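To start, the structure under review is shown below, and the notes come after it.
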Amino acid sequence: MSFDGLFTKAMTEEIASLLKGGRINKVHQPYKNEVILVVRAGGKNHKLLLSAHPSYSRVQMTEESYENPKEAPMFCMLLRKHLEGYTIENIYQYELDRMIIFEVKGRNELGDVSQKQLIIEIMGRHSNIVLVDKERNMILDSIKHVSHAVNSYRAILPGQEYKAPPAQEKNDPFEATEDDIRKNIDFNAGKLDRQLVAHFSGVSPLVAKEAVYRAGLANSTTLPTAFLKIIQEISEQKYVATIKQDGNKEVFYMLSLEHLTGNQRTFSSLSEMLDRYYFGKAERDRVKQKSQDVERFITNEIEKNSKKIGKLERTLKDTERGEQYQLFGELLTANLYQMKKGMKEIEVVNYYDEEQSVVTIPLDPLKNPSDNAQKYFSRYQKSKNAVGVVQEQIEKTKLELAYFEALHQQLQSASPRDIEEIREELQEEGYIRQKKKKGMKKPANAKPQLETYYATDGDLIFVGKNNKQNDYLTNKFARRDEIWLHTKDIPGSHVVIRNEAPSEKTIKEAAVLAAFFSKAKQSSSVPVDFTQVRHVKKPNGSKPGFVIYDHQQTIYITPDADTVIRLKEAEKE
C-alpha cells in the first residue's frame with residue numbers, strides 16, 4: 001500500500017501549494033470513477049485528478065489527456081452546478097487518514113454565498129468522492145452510493161448527514177517519542193513491521209518495513225530511532241518522489257526505499273511520479289472492462305482456428321497415404337487371378353521394390369477382386385484431390401489466425417476509442433452482428449485518429465493502434481517517400497516518420513514505438529523493419545491491417561516505456 005496516510009499528507013501539501021486560492025473553471029468525468037477539475041491558479045491552468053477507482057484510487061495533479069464522454073454523467077453535472085466558478089479556500093487531510101478535503105466557496109444560482117466540501121476517500125474498493133454542503137453537513141451526492149444495507153456504520157447517499165469513517169484509535173507518529181514506541185512495541189513478539197502498522201496512524205507495511213530495515217539489528221534502541229527519523233524526514237518535507245523495482249512489480253513512495261534493491265528512478269514531483277507509475281495501468285483496466293465481449297470473441301476465434309489448423313494438418317498427413325493406395329491398387333490388378341471373393345487379405349510380391357518384398361493387402365470379403373482393386377484406386381484419387389484443398393484450407397486458416405492474433409495484440413494497447421474501432425471492424429468484416437445505435441451516426445468519411453509523438457529532433461511520428469488506423473496511416477495518410485516501420489514477423493502497429501530522410505536517432509525512437517506497441521512489448525532485442533512507404537503494398541482482398549513490403553532494413557530494439565512517455569510528452573511542450 002504505497003498511497004498510505006503519510007503519502008496522502010505529502011500529496012495534500014503538494015496540491016495545496018499549487019491550488020489553494022485557485023478557481024475551479026471546469027469539471028469533467030471521463031470515466032465512471034474518476035473526475036478531473038481544471039483549476040486556474042498562479043496564472044495557469046492545472047488539471048487535478050480525483051480517482052475512486054477500486055484498484056487505482058488516488059488524488060494527484062496530472063498532465064495526462066483524458067477523453068470525455070459525449071454526455072456528462074449525472075454526478076459530473078451536479079459537480080459543475082456546485083463547483084464551477086468556486087474558489088478553493090482550503091485543502092487539508094483528515095487526521096492522518098487517506099482522506100483529502102477541499103473546501104470551496106462561491107455564489108449559488110440565487111447569488112448567495114455558498115460553501116461546499118469535496119471529500120475524497122482513498123480506501124481501495126471502498127474509495128469515494130463525496131460533495132457535502134458544509135453549512136448543513138449534508139451529502140449532496142457521491143460518485144458511489146452506499147446504503148445502510150451495505151455499511152451499517154454510515155450511509156453515503158444524497159440528503160444524508162456526512163459521517164467520517166470510523167476512527168482507528170492509533171497513535172499519531174508525528175507526536176510520538178522513542179518511549180511511546182517502546183511502550184507500544186513488544187520486541188520479543190517479532191513481526192515488528194506489523195506492530196508499527198497496528199499502533200501508528202498513516203503507516204503502511206511499506207514504511208514499517210523500511211523502518212525495520214534502517215534499524216539494522218532492530219531492537220528497543222535502534223527501531224525507535226530509525227522510525228522517528230523517517231517521520232522527521234516527512235515532517236520536514238524532505239520528499240524524494242521515487243519509483244523502485246520490487247521483483248516483477250514497481251513501488252512508488254515519497255522517500256527513498258532502502259530496503260528494496262531494484263532499480264530506482266526519481267521525479268521532480270509526486271504527481272509526475274504517479275503519472276509515470278499509472279501510465280497505461282488504469283487505462284488498461286478500463287479498456288478491459290469495456291472490451292470484455294470483444295476480447296472473449298477474439299480469444300475464442302484464436303482457439304478455434306488453432307484447433308482447425310491441427311485438424312487440417314492431421315488430415316493432410318492422412319492424405320500422404322495416397323501413394324500406398326495407388327500401390328495396392330496396381331498390385332491387386334496384377335494379381336487378380338490369385339484373388340477370390342470372400343478373401344480378407346492377400347500376400348503379393350511388390351515388384352516395384354528392388355528386394356521384391358512381400359506386401360499384405362487388406363481386402364473387403366464382400367467385394368469381388370476387380371472391385372477391391374478399384375476401391376484402392378478411388379481412395380488414391382480422393383487423397384490426391386484432397387491434398388490441394390487441405391493445403392489451401394491450412395493457408396486460409398493460418399491467415400485467419402494471424403488476423404485475430406493481431407487484433408488480440410491491439411487490445412493490449414488500445415484506448416477506449418480504439419476498442420470501438422476494433423468493434424466496428426469486426427462488424428464490417430461480418431464476424432459480429434451490428435447493433436443499432438440511437439443518436440448521431442458516425443460520418444461515413446470520418447478519419448481515424450492517429451497517435452502522435454515527437455522525436456527528439458522534432459520529427460512527427462504517427463502510430464496506428466488498430467487495423468483501421470493502420471490502413472489509414474499506411475495507405476492514405478503517409479507520403480510515398482516517408483519512412484514506415486513495423487516489427488518483423490510480429491503482430492504490431494504501423495509507424496510512420498513524417499520525414500523522407502530522418503536521422504538515425506529518430507529511426508531508433510520510432511522503432512521503440514513500433515516494438516512497444518507490438519506483441520513483443522515485454523521482450524528485448526526486438527527486430528523492427530523499416531522501409532519507404534512506396535515499398536509497402538496491401539494485397540487485393542487481404543484482411544484489414546495486412547500489408548507486404550520489401551527493400552527493408554532491420555534494427556534490433558528493446559521496448560522502453562520511459563522513451564514512449566518522453567516522446568508523447570514532447571507534443572505538449
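Key figures for this structure:
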read-out	value
Enumeration of residues in the range 36-59 that are buried (at least 18 other Cβ atoms within 10 Å of the Cβ) and more than 17 Å from residue 103 (Cβ to Cβ)	36, 46, 47, 49, 51, 52, 53, 56, 57, 58
The range 351-381, residues that are assigned to a loop (DSSP other than H, G, I, E, B) and either at pLDDT 90 or above or among the basic types (Lys, Arg) (or both)	363, 364, 365, 366, 367, 368
Qualifying residue in the range 177-196 (condition: modelled with pLDDT under 95 and part of a strand (DSSP E or B))	no
Residue 411 vs. criteria more than 16 Å from residue 334 (Cα to Cα), modelled with pLDDT of 90 or more and among the aliphatic types (A, V, I, L, M)	no
Contacts under 6 angstrom Cβ, first residue in the range 133-157 being closer than 16 Å to residue 79 by Cβ, partner among the aliphatic types (A, V, I, L, M) and in a loop (DSSP other than H, G, I, E, B), 6 or more apart	143/52; 145/157
Per-region count, the range 473-489, residues over 16 Å from residue 532 (Cβ atoms) and buried (at least 20 other Cβ atoms within 10 Å of the Cβ)	1
Residues within the range 291-322 that are over 21 Å from residue 381 (Cβ atoms) and either at pLDDT 90 or above or among the basic types (Lys, Arg) (or both), tallied	16
Residue 351 surrounded by fewer than 17 Cβ atoms within 10 Å (Cβ to Cβ), more than 30 Å from residue 432 (Cβ to Cβ) and either assigned by TED's automatic domain parsing to the domain that holds residue 397 or touching a strand residue (DSSP E or B) at 6+ places or on another chain (Cβ under 6 Å) (or both)	yes
Hits in the range 104-147 - residues which are part of a loop (DSSP other than H, G, I, E, B) and within 35 Å of the chain's Cα centre (by Cα)	122, 123, 127, 143, 144, 145, 147
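The rows are residues; the columns are (1) touching a Gly at 6+ places or on another chain (Cβ under 7 Å); (2) surrounded by 13 or more Cβ atoms within 10 Å (Cβ to Cβ); (3) part of a loop (DSSP other than H, G, I, E, B).
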| residue | (1), (2), (3) |
| --- | --- |
| 234 | no, yes, no |
| 244 | yes, yes, no |
| 256 | no, yes, yes |
| 261 | no, no, yes |
| 271 | no, yes, no |
| 285 | no, yes, no |
| 288 | no, yes, no |
| 298 | no, yes, no |
| 301 | no, yes, no |
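The values are calculated or read from the model by the stated rules, or taken from the named source; none is laboratory data. Computed from a predicted structure; not experimentally measured. Glycine also receives a Cβ, built like all others from the backbone with ideal geometry; neighbour counts cover every protein chain displayed.
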